[in-house]
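The values are calculated or read from the model by the stated rules, or taken from the named source; none is laboratory data. All values derive from a computational prediction rather than experimental measurement. Virtual Cβ from ideal backbone geometry, glycine too; neighbours counted across all protein chains shown. Ligands, DNA and RNA are excluded from the accessible area calculation, which covers all protein heavy atoms including side chains. Shrake-Rupley method; radii C 1.70, N 1.55, O 1.52, S 1.80 Å.
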Amino acid sequence: MTETDDADWLPAEVDRATPSVARIYDYLLGGAHNLAADRAVAERLCAIQPQVVQVAQRNRAFLRRAVRFMLEAGVRQFLDLGSGIPTVGNVHEVAQDLDPEARVVYVDYELVAVTHSRLLLADNPHAGVVHADVIRPEHVLGSEPVRSLLDLSRPVGLLAVALGHYLPPAADVPAVFATYRDALAPGSYLALTHLTNDFAVLADPRVAETMRSTQDHIHPRTRAEVLALFDGFTLVDPGLTTSANWRPDRLSPAVDPQDDGLYAGVGVLA
Ligand SMILES: C[S@@+](CC[C@H](N)C(=O)[O-])C[C@H]1O[C@@H](n2cnc3c(N)ncnc32)[C@H](O)[C@@H]1O
């Protein structure tokens with residue numbers, strides 16, 4: 001389902017001409033918070049690679065499985081970096097389904113994502129939203145929602161799902177991840193997915209070229225570069241794999257990594 005660009009859900013400050021990955025991803029997942037410019041990019045991506053929709057769905061399914069895994073390990077608070085526009089199976093829904101007291105802080109720099117997350121969470125005392133660029137960890141970690149909702153002396157589930165490839169090399173991405181890691185208590189987890197050219201499905205250079213017309217350029221990384229983001233964490237089984245192949249279940253079966261496209265893993269901090 002889509003809506004017109006004069007929809008009343010759109011914050012006035014949004015630049016309608018510049019597509020954003022938050023809204024492109026929303027469109028790919030069947031959401032209603034996207035604009036004509038976003039849909040045009042999504043359609044171009046689908047023309048280059050029709051499996052883009054499945055890649056997005058499998059990424060979202062990984063997110064839910066990883067959150068359930070961390071809940072089963074006893075984690076009751078989550079920091080979701082690059083959380084996106086709320087859609088089915090948000091982290092707070094999965095977490096609070098198991099424990100209504102579970103805490104979740106969402107972080108995004110895209111206005112539609114932040115505005116709709118705030119609306120959705122208005123009556124939820126255990127979840128909050130930070131409008132920030134994740135490459136400024138000090139802004140995120142020092143923000144009011146993080147300070148009031150999360151107890152950083154206890155384990156946290158840090159999520160960076162389909163996020164890292166939007167962070168440019170100039171931002172020193174391993175150092176950014178290390179800053180978050182250093183703020184976390186032992187027993188915390190990091191779950192991430194990350195785009196790569198190591199697998200066929202998204203390796204077509206036209207994918208990155210198409211995203212250059214948006215506000216979110218992509219920077220695919222190699223296996224070694226993605227592993228570096230887990231520095232200090234110990235990967236849990238099955239190690240660094242792809243989204244559908246990380247602990248697949250009946251609803252999300254394993255697929256050939258060449259069709260999966262995103263590295264995926266979960267690590268625990270000793
Ligand atoms: C593809 S979506 C992923 C959403 C969600 N994590 C998921 O996997 O379902 C990527 C999100 O990261 C956000 N994002 C990208 N770079 C960011 C940055 N530097 N700071 C904050 N958010 C960022 C985008 O706005 C978008 O909402």
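Ignoring ligands, DNA and RNA, please state the percent of accessible area on the chain from carbon and sulfur, probe 1.4 Å. Its accessible area is 53 percent carbon and sulfur atoms.
Can you give the net charge of the other residues whose Cβ lies under 13 Å from the Cβ of residue 115, counting K and R as +1 and D and E as -1?
Around residue 115, the surrounding residues sum to -3.
One chain, two ends: residue 147 and residue 171. Fully extended at 0.36 nm per residue, the span grows by 6.2 nm beyond their Cα-Cα distance. Residues in the chain average 42 Å² of solvent-accessible surface per residue, probe 1.4 Å, ligands and nucleic acids excluded. For residue 130, the residues 5 or more places off, or on other chains, whose built amide H falls under 5 Å of its own are 106, 107, 108. Using C-alpha pairs below 8 Å separated by at least 6 residues, the relative contact order for the chain is 18 percent. First measure r as the distance between the Cβ atoms of residue 178 and residue 256, then evaluate 1/(1 + (r/R0)^6) with R0 = 45 Å and state the FRET efficiency to the nearest 0.05. In this case the efficiency is close to 0.85.
Please work out whether segment 201-249 counts as rounded, prolate or oblate from its C-alpha gyration tensor, where a ≥ b ≥ c are the square roots of the eigenvalues and a/c under 1.5 means rounded, while otherwise a/b larger than b/c means prolate and anything else oblate? Because a/c hits 1.5 or more and a/b exceeds b/c, segment 201-249 counts as prolate.
Spin-label model, residue 51/residue 228: points 7 Å from Cα along the beta carbon direction are separated by 2.7 nm. Membrane-span-like helices in the chain (whole DSSP H runs, Cα extent of at least 20 Å along the helix axis, mean Kyte-Doolittle hydropathy of at least -0.5): 52-72. Quick check: Cα centre of segment 84-144 to Cα centre of segment 156-234, how many Å? A separation of 19 Å, based on Cα centres. When each of the peptides 108-115, 209-216 is scored by how many other beta carbons lie within 10 Å of its residues on average, the order from highest to lowest is 108-115, 209-216.
Could you run the Debye sum over the Cα atoms of segment 51-269, one equal point scatterer each and no solvent, and tell me log10 of I(q)/I(0) at q = 0.07, 0.08, 0.13 Å⁻¹, two decimals? Reported log10 I(q)/I(0), two decimals: -0.19, -0.25, -0.69. Springs join every pair of Cα atoms under 10 Å in this Gaussian network model of the chain, and among 233, 78, 69 the largest mean-square fluctuation is at 69. Using the average count of surrounding beta-carbon atoms within 10 Å as a protection proxy, the listed peptides 255-263, 159-167, 9-17 rank, highest first, as 159-167, 255-263, 9-17.
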